[in-house]
Amino acid sequence: MFDSLLPVTTGGRTEMEVNERIKKQLESYPVLLYMKGTPDFPQCGFSSQTVAALRAVGAEFAFVNIFEDPEVREGLKVFSNWPTFPQLYVNGELIGGCDIALELYESGELKEIVASSSEAMNESDEQN
């Protein structure tokens with residue numbers, strides 16, 4: 001299961017506004033993948049492989065198709081200090097790109113990381 005975060009289109013935004021939008025996206029979803037395309041129709045092999053790894057561990061995740069949101073596409077490179085896509089975030093923290101996600105999957109750590117995101121979300125819900 002995944003959710004799409006569609007862009008809000010208004011005139012050119014400042015870097016601060018784009019950063020705030022990115023922060024809100026990261027706060028809203030425990031597992032978030034900034035990718036090229038969508039999980040069902042990825043538009044690059046690296047995005048496709050990352051989605052496959054997430055699906056293999058049963059992750060529920062949201063995604064942002066960076067092709068539909070050029071402001072986030074450019075802003076995220078600066079925000080994360082990571083120049084390439086996809087970019088996988090768990091609990092607001094950059095995990096990495098495709099290579100790192102695949103290494104974590106192969107070692108079994110990706111499943112643990114994703115599980116910890118669910119636990120953190122449940123604890124947050126209980127406190128509210």
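For the stretch 40-48, the count of residues that are modelled with pLDDT of 95 or more, within 22 Å of GLY108 (Cβ to Cβ) and surrounded by fewer than 19 Cβ atoms within 10 Å (Cβ to Cβ) is nonzero. One residue stands out among those in the stretch 55-68 that are buried (at least 22 other Cβ atoms within 10 Å of the Cβ) and touching a residue at least 40 places away in the same chain (Cβ under 8 Å): the one that is farthest from VAL18 (Cα to Cα), which is ALA59.
The set of residues in the stretch 71-121 that are free of Cβ contacts under 8 Å to residues at least 24 places away in the same chain, under 26 Å from VAL18 (Cα atoms) and of a type in the set (Gly, Ala, Ser) comprises SER80, GLY96. Just to be sure, is GLU27 farther than 14 Å from ALA101 by Cα, assigned to a helix (DSSP H, G or I) and in contact (Cβ under 8 Å) with a residue 60 or more places away in the chain? In short, yes.
With the structure loaded, tell me whether PHE63 is part of a strand (DSSP E or B), out of contact with any helix residue (DSSP H, G or I) (no Cβ under 7 Å at 6 or more places or on another chain) and at pLDDT 95 or above or whether it fails that test. Judged against the criteria, PHE63 is a match. Please work out which residue is nearest to PRO39 (Cα to Cα), limiting yourself to the stretch 84-100 and to residues that are part of a strand (DSSP E or B) and not polar (S, T, N, Q). Result: LEU88.
Residue-by-condition table, conditions (1) of a type in the set (D, E, K, R); (2) under 19 Å from PRO30 (Cβ atoms):
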site	(1), (2)
ASP69	yes, no
LYS77	yes, no
PRO86	no, yes
VAL90	no, yes
GLY96	no, yes
ILE100	no, yes
SER107	no, no
ALA115	no, yes
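The values are calculated or read from the model by the stated rules, or taken from the named source; none is laboratory data. Just so you know, these numbers come straight off a predicted model, no measurement behind them. We place every Cβ from the backbone using ideal geometry, glycine too, and count neighbours over all the protein chains shown.
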